[in-house]
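Okay, so here's the structure we're looking at.
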Amino acid sequence: MDGPLCASCLFFPSEDAMEQLLGVLRKASRSLDVAAFALTEAKIADEIVDAAHRGVSVRVVVHCENGQAKKSGQAARMLRLG
């Protein structure tokens, strides 16, 4: 494996955790793998989309019950943006 690897477990709501997460997302330069039960925070979704637009290889896994993640919320917005 080349380059630095970052693995963290953050608990929300917490401003400190939010700033830590946004910082990690902003620093992604090669690949970004995100797993979350729900993705509802626009700031997080924006940083993930920005990473993809920078050419970062992005993979996101979100819990989806009854297809809800595809219909609403930040995960749906990211799907629409490609």
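The values are calculated or read from the model by the stated rules, or taken from the named source; none is laboratory data. It should be emphasised that the depicted structure is a prediction, and the values quoted were computed from it without experimental measurement. With ideal geometry, Cβ positions are generated from the backbone for all residues, glycine too; neighbour counts draw on all protein chains shown.
Quick one: count up the residues across segment 34-49 that are touching a residue at least 12 places away in the same chain (Cβ under 8 Å) and more than 12 Å from F12 (Cβ to Cβ).
The total comes to 7.
Quick check, is S29 hydroxyl-bearing (S, T, Y) and at pLDDT below 90?
So S29 does not fit the description; no.
Quickly run through segment 25-60 and pick out the residues that are over 16 Å from R77 (Cα atoms) and within 10 Å of the chain's Cα centre (by Cα).
Answer for segment 25-60, where residues must be over 16 Å from R77 (Cα atoms) and within 10 Å of the chain's Cα centre (by Cα): L25, L32, D33, A35.
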